[in-house]
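Presented below is the structure to which this report refers.
The values are calculated or read from the model by the stated rules, or taken from the named source; none is laboratory data. Note that this is a predicted model, so its numbers are computed, not measured. A quick note on method: Cβ atoms are made from the backbone with ideal geometry, for glycine too, and the neighbour counts reach across all protein chains shown. Just so you know, the surface numbers come from the protein's heavy atoms only, side chains and all, with ligands and any DNA or RNA stripped out. Shrake-Rupley method; radii C 1.70, N 1.55, O 1.52, S 1.80 Å.
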Amino acid sequence: MENQDSFVLHGNLIYTSDRNKFISLKDGYMVVEKGTITSVSAEKPAMADNLPVKDCQGKLIMPGFADMHLHAPQYIQIGMGMDYKLLDWLDGYTFQEEPKFADPDYARKIYPLFVDEMTACGTTSSAIFATIHPESTDILCDILAQKGVRAYVGKVNMDTNSAPALTEETAESLKATEDFIQKWQNHPLVRPIITPRFVPSVTAEMMTGLGQFAEKYQVPVQSHLSENPGEIELVKKLFPQDQYYMSVYDRFGLFGQTPTLMAHCIHLSDAEIAIMADKGVYAVHCPASNLNLASGLMPMRKMLNAGVKVVLGSDIGAGHTLYMPHEIVRAIEVSKIRSIENPEETPLKLSEAFYLATKAGGEFFGQTGSFEIGWSADFLITDVPEYQQERSVDEQLQNFIYHGTAQDIQEVYVQGRPVKNTRK
Ligand code: GUN
Ligand code: FE
């Protein structure tokens with residue numbers, strides 16, 4: 001049945017079409033035709049009569065998660081070096097690990113493990129940093145494409161201030177990036193994204209070339225912004241003529257000229273927050289990473305109130321989990337910590353954090369992350385314990401987000417096709 005990508009789901013449906021509230025249907029019906037949602041209703045609609053019914057009564061059906069910032073090669077270093085802050089952690093760990101992906105066989109060994117775990121955690125859309133290595137980056141894309149999940153993947157660019165094994169020759173790096181864009185730009189699920197690591201790792205010449213590719217191929221951009229005070233000082237020293245850290249990206253056409261994801265965005269002035277909102281640049285909040293590297297507490301409420309588009313990311317390996325429900329909880333916890341000292345910054349509600357991890361992130365890819373007519377059938381089916389069956393669907397979801405695990409996720413679908421069936 002699942003291979004036909006047209007069927008009716010019957011179970012406890014829950015999603016957020018706006019961030020202020022959950023929409024839930026106990027024993028509801030969702031019709032999927034050719035991978036697209038065509039109906040969501042409390043009663044079985046007539047249009048469902050000729051379609052097979054997938055009986056998920058007693059289970060939760062929710063949109064798949066969007067992990068909007070993570071580093072695939074850092075899967076192997078999760079939890080290591082967490083006594084460091086950003087710049088020492090990069091030098092001490094990451095820049096020692098990422099050179100290993102110069103060997104395609106190493107990528108063939110590690111990347112399938114990463115992709116399996118990410119999808120088992122219910123992530124159906126992701127924005128991924130690979131490494132500088134073109135061959136390994138292609139291998140990662142192939143694995144994601146075979147798995148059938150959505151992803152933006154970046155071949156990372158680094159041509160200065162990096163470990164020797166991670167320092168590219170500028171022209172060669174640009175050529176490899178253009179080849180990568182051309183190879184993947186028309187894939188239905190796995191797409192290229194321009195990925196300068198962060199301002200300190202790229203020269204003006206590199207950023208000039210990358211900005212030109214963004215425009216020429218109309219591809220999105222991802223990078224890091226204002227994560228750590230030492231990093232911000234370094235950017236000031238390297239580009240003293242630019243008013244803000246973000247002004248550097250902007251000057252080279254890498255800040256909202258095409259859809260742009262900026263990870264962290266912790267230490268921003270009100271003026272910088274206003275620029276992000278104005279340019280429609282996404283801030284990717286990575287709460288686990290920000291706590292692990294003691295980077296700071298991102299002012300989520302302030303950003304949302306200013307109209308910035310905010311989404312969530314695991315940022316492994318600075319973050320330590322690929323399981324987005326835990327990032328949802330951590331985002332709420334960080335907002336509550338901020339609200340203690342800043343009462344005007346009201347804490348995030350669960351519906352808001354869930355929305356950030358589903359629809360807000362999903363929209364970067366198109367129509368995914370919510371259960372609306374015409375949207376892609378990208379969803380999870382999770383087990384609900386016997387002792388929670390009498391609860392409301394909203395309570396079941398609350399319990400799953402705070403107390404569930406990846407083992408509770410029984411099935412994962414993208415475009416109406418199964419990504420993973422653990423308990424068949
Ligand atoms: N800034 C530049 N590179 C990285 C990275 O790999 N992880 C994090 N958290 N920040 C970065
Ligand atoms: Fe990162």
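Figures for the structure shown
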read-out: Tally, over region 40-54, of residues that are under 30 Å from the mean Cα position of the chain (by Cα) and either open to solvent by 60 Å² or more (accessible area, probe 1.4 Å) or over 17 Å from residue 368 (Cβ atoms) (or both); value: 2
read-out: Top-ranked residue in region 305-316 [being open to solvent by less than 20 Å² (accessible area, probe 1.4 Å) and within 16 Å of residue 66 (Cα to Cα); ranked as nearest to ligand 1 (Cβ to nearest atom)]; value: 315
read-out: Single residue of region 256-304 satisfying the filter (in a loop (DSSP other than H, G, I, E, B) and more than 16 Å from ligand 1 (Cβ to nearest atom)) that is most open to solvent (accessible area, probe 1.4 Å); value: 257
read-out: Matching option when the condition is buried (at least 22 other Cβ atoms within 10 Å of the Cβ) and in a helix (DSSP H, G or I), among 113, 60, 70, 90; value: 90
read-out: Members of region 153-173 that are open to solvent by 30 Å² or more (accessible area, probe 1.4 Å) and over 25 Å from residue 87 (Cβ atoms); value: 171, 172
read-out: Residues located in region 197-208, provided they are away from ligand 2 (no atom under 16 Å from the Cβ) and open to solvent by less than 10 Å² (accessible area, probe 1.4 Å); value: 206, 207
read-out: Filter pass, residue 55 being within 16 Å of ligand 2 (Cβ to nearest atom), in a strand (DSSP E or B), in contact (Cβ under 8 Å) with a residue 40 or more places away in the chain and out of contact with any Phe, Trp or Tyr (no Cβ under 9 Å at 6 or more places or on another chain); value: no
read-out: Residues located in region 214-238, provided they are assigned to a loop (DSSP other than H, G, I, E, B) and buried (at least 16 other Cβ atoms within 10 Å of the Cβ); value: 219, 220, 226, 227, 228
read-out: Complete set of residues in region 63-76 that are within 16 Å of ligand 2 (Cβ to nearest atom), in contact with a strand residue (DSSP E or B) (Cβ under 9 Å, 6 or more places away or on another chain) and not charged (D, E, K, R); value: 66, 68, 69, 70, 71, 72, 73, 74, 75
read-out: Pairs with Cβ under 8 Å, 6+ apart, first in region 41-52 and in a helix (DSSP H, G or I), second open to solvent by less than 90 Å² (accessible area, probe 1.4 Å); value: 47/31; 47/38; 47/39; 48/8; 48/29; 48/31; 48/39
read-out: Neighbours by Cβ (under 6 Å, 6+ apart or cross-chain): first from region 317-335, open to solvent by 20 Å² or more (accessible area, probe 1.4 Å); second within 16 Å of ligand 1 (Cβ to nearest atom); value: 320/78; 320/79; 320/288; 330/287; 330/288
read-out: Per-region count, region 209-232, residues within 14 Å of ligand 1 (Cβ to nearest atom) and among the acidic types (Asp, Glu); value: 2
read-out: Out of 85, 109, 100, sole residue that is more than 13 Å from ligand 2 (Cβ to nearest atom) and closer than 19 Å to residue 166 by Cα; value: 100
read-out: Extreme residue, nearest to ligand 2 (Cβ to nearest atom), among residues of region 209-235 that are of a type outside the set (S, T, N, Q) and more than 23 Å from residue 364 (Cβ to Cβ); value: 231
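Yes or no, residue by residue, for (1) under 13 Å from the mean Cα position of the chain (by Cα); (2) farther than 20 Å from residue 283 by Cα; (3) not hydroxyl-bearing (Ser, Thr, Tyr):
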{"residue": "358", "(1), (2), (3)": "yes, no, no"}
{"residue": "372", "(1), (2), (3)": "no, yes, yes"}
{"residue": "384", "(1), (2), (3)": "no, yes, yes"}
{"residue": "387", "(1), (2), (3)": "no, yes, no"}
{"residue": "390", "(1), (2), (3)": "no, yes, yes"}
